[in-house]
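S.K.: One structure coming up, written as structure tokens, with questions to follow.
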Amino acid sequence: MSARCPSGRPDRAGISSLRARVLGAAAPGGVLALLLLARPPEGIALEPGAEVLPPHALYGELFTRVQEEQVFADGKDFCDATPKGSPAEILARYRAATPRTPEELKRFVATHFTAPTTVGSGPASTGATTVPPRAAPAGASLIDHIDALWGVLTRQPADIPPYSSLLSLPRPFVVPGGRFREIYYWDSYFTMLGLLESGRADLTKDMVGDFAHLIDTYGRIPNGNRTYYLSRSQPPFFFAMVALLEPGHPERAFARYLTQLEREYAFWMDGASSVARGLARRRVVGLGGATRVRAPAPGQVLNRYWDDEDLPRDESYREDVALANRSGRDRRELYRDVRAAAESGWDFSSRWFADAHSLTSIDTTALVPVDLNSLLFGLEQAIAAGCGEAHDEACQRAFREHARARRKAMDRYLWDPVRGAYFDYQWARGERIPRVSAATLYPLFVHAASPAQAASVARTTRRRLLKGGGVVTTTRNTGQQWDAPNGWAPLQWIAVAGFNAYGETALAEEIACRWSVNVARAYRESGKLLEKYDVMNPDRPGGGGEYPLQDGFGWTNGVTRKLLALYPAHTDYRSVDECRRPRPAAHPGAAVDK
């Protein structure tokens, strides 16, 4: 297991010793092989005392009945409820009482559990009531409102009640808002962008420390700090968070967190040294030919989203069972694909549907996604830079080669020069899925695209994705929340940072302007910042998905605050018509230094 000094600096002795043994033995796969030896091939790598079970495993038939009978309108609420006794005692009382009617069941649950509250009007660790219409005084600017919201959404470290689904964190953190009462992995990078502009570098550092703690404890960063999220992660933005700590010299921050960066990489790459061509193992896919007996050549291993469980999600149990009943498919296969989509953060989108229309055809694990592989390229580059700063030349060379090989594979399998975009790859059939989505922007964000590829993506974005309120998620309207007409804050930042990095500054500003004007208009009308927005019909709120539209909202606050700092003139704009008057950015917008 890796260790970290109290200062946050990683203890390199253990991993360096193991690396030396592997490199000395000339093991195939070099440093990658070392990393795969550092954790068990399956399951969760736990530090002592970290053993945890999700609600479905604790409460058995009581859990199933509560979710099936919809005791809570939102199934996540039962997963987040705090038991008033041990699960064994509660389950024994349930079996003895045998509540027969829905009313009796509700009374039993109310007697034995404390229901959670919606994220709250103050910085208490448990949350309370709802996000206030205006966190700042009436008439405050959008920037002042966002700055005031950080206190509303911040949670302090607290003792976790026995048998709660919450996972303990050692430092303060920001939650998204609404039903999302816990820290979320990829949300937090975009939240941090705004925290820094609001002068909260301290809270940004705290959250990076919390994520390092999760890696140290569980061998991964889970979807969120809940027991029922431990079987999956989310898009791996940890390296980008670490880079925010020292934007002028990110390699220094990478060196401080090198143990955690390497361990996260090992989690995503488990099985890479042995997966055969045409097959997949957990999150790695062997590409490069029809044969299923030879290991892939260098540059022919890419990644997919996955989940280590193939059961209904605890927090969406009723919805997942109903979907399986409608689908006629193998239930475990469907549940795995649903969970893998949740790991992607795009839950749900036509990107993952075999027929491009119906959730019942979800096929997430059959796809090699553009966004995930772009981020892993960024992670490889970050580890190489950190190893260089730590004067570990063998590690630096190895990870530079991993990044080079991944970019080569992305160009071969994901890039379509005719359509001028990156597409997800259906690895079992050996074909790209030609559905334009904002995922095509990710290679620019991590500097994996060539200048010519970036120019093509810019043209495709103007033609297919740029709408009145910003960048639309996909070009298909399916009723799913990660499809048209919705736009999401993280995708706007990926676009702006990526295009600025390649000199497409006018397009970057136009996207930023359209988004900021849309968010500001909605704020003036409602006093709220929302989880998502309708960017094709800016007078409407975003829609779709499994739950009502949430307000708060962490990543919207963060990205909007960052964009208004980058383009301060947009603060006074009232119409997207004004977005056609580009002005220079206040400072560069590139996300990752080369």
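No value in this document is a laboratory result; all are computed from the given coordinates. If you're wondering where the values come from, they're calculated on a predicted model, not measured in any experiment. Counting neighbours? That spans all protein chains shown, and the Cβs are built from the backbone with ideal geometry, glycine included.
S.K.: Once the Cα atoms of the range 134-289 are picked out, what are the Rg and Dmax in Å?
M.R.: Answer for the range 134-289, Rg first and Dmax second: 17.8, 63 Å.
S.K.: Could you order the peptides 450-457, 209-216, 343-350 from most to least packed, using the average number of other C-beta atoms within 10 Å per residue?
M.R.: Values: 450-457: 17.2, 209-216: 22.6, 343-350: 25.0.
Per-residue mean Cβ counts within 10 Å order the peptides as 343-350, 209-216, 450-457.
S.K.: What ranking, highest mean first, results for peptides 357-363, 328-334 when packing means the other Cβ atoms within 10 Å averaged over each residue?
M.R.: Numbers: 357-363: 18.6, 328-334: 14.3.
Per-residue mean Cβ counts within 10 Å order the peptides as 357-363, 328-334.
S.K.: Roughly what would the spin-label model give for Ala394 and Asp202, points 7 Å off Cα along C-beta, in nm?
M.R.: Result: 4.3 nm between the two label points.
S.K.: Under 20 Å from the Cα of Lys106, which lysines turn up, not counting those fewer than eight places away in the same chain?
M.R.: Lys76, Lys84
S.K.: Going by average Cβ density within 10 Å per residue, which order do the peptides 188-196, 496-504, 244-252, 308-316 take, highest to lowest? Let's see the in-between values first.
M.R.: On the way: 188-196: 27.3, 496-504: 24.0, 244-252: 15.7, 308-316: 21.7.
Going by the mean number of other Cβ atoms within 10 Å, highest first, we get 188-196, 496-504, 308-316, 244-252.
S.K.: While we're here: Please list the three semi-axes, largest first and in whole Å, of the ellipsoid equivalent to the range 436-503, using sqrt of 5 times the eigenvalues of its alpha carbon gyration tensor. List each step's numbers first, then the result.
M.R.: On the way: eigenvalues 87, 25, 19 Å².
After scaling each eigenvalue by five and taking roots: 21, 11, 10 Å.
S.K.: Which value results when the Cα radius of gyration for the range 417-546 is divided by 2.2 N^0.38 Å?
M.R.: On the way: Rg = 14.8 Å, N = 130, 2.2 N^0.38 = 14.0 Å.
After normalising by residue count via 2.2 N^0.38 Å, the value is 1.06.
S.K.: For every other residue with a beta carbon closer than 11 angstrom to the beta carbon of Ser344, add +1 if it is Lys or Arg and -1 if Asp or Glu, then tell me the sum.
M.R.: Details: positive: Arg232, Arg304, Arg339, Arg351; negative: Asp307, Asp337, Glu343, Asp347, Asp371, Asp424.
Its environment carries a net charge of -2.
S.K.: Shifting gears a bit: May I ask you to derive the FRET efficiency for Thr111 and Asn325 from their Cβ-Cβ distance with R0 = 30 Å, giving the value to the nearest 0.05?
M.R.: Working: r = 31 Å, r/R0 = 1.04.
The calculated FRET efficiency here is 0.45.
S.K.: Local charge sum around Pro434 (other residues, Cβ-Cβ under 14 Å, Lys/Arg +1, Asp/Glu -1)? Numbers along the way, then the final one.
M.R.: On the way: positive: Arg351, Arg419, Arg429, Arg432, Arg435, Arg464, Arg476; negative: Asp416, Asp424, Glu431.
Result for the local shell: +4.
S.K.: Still on this model: Amide H of Thr114 versus every other amide H placed in the peptide plane: which residues, excluding those fewer than 5 positions away on the same chain, fall under 5 Å?
M.R.: Residues meeting the amide H criterion: Thr82, Lys84.
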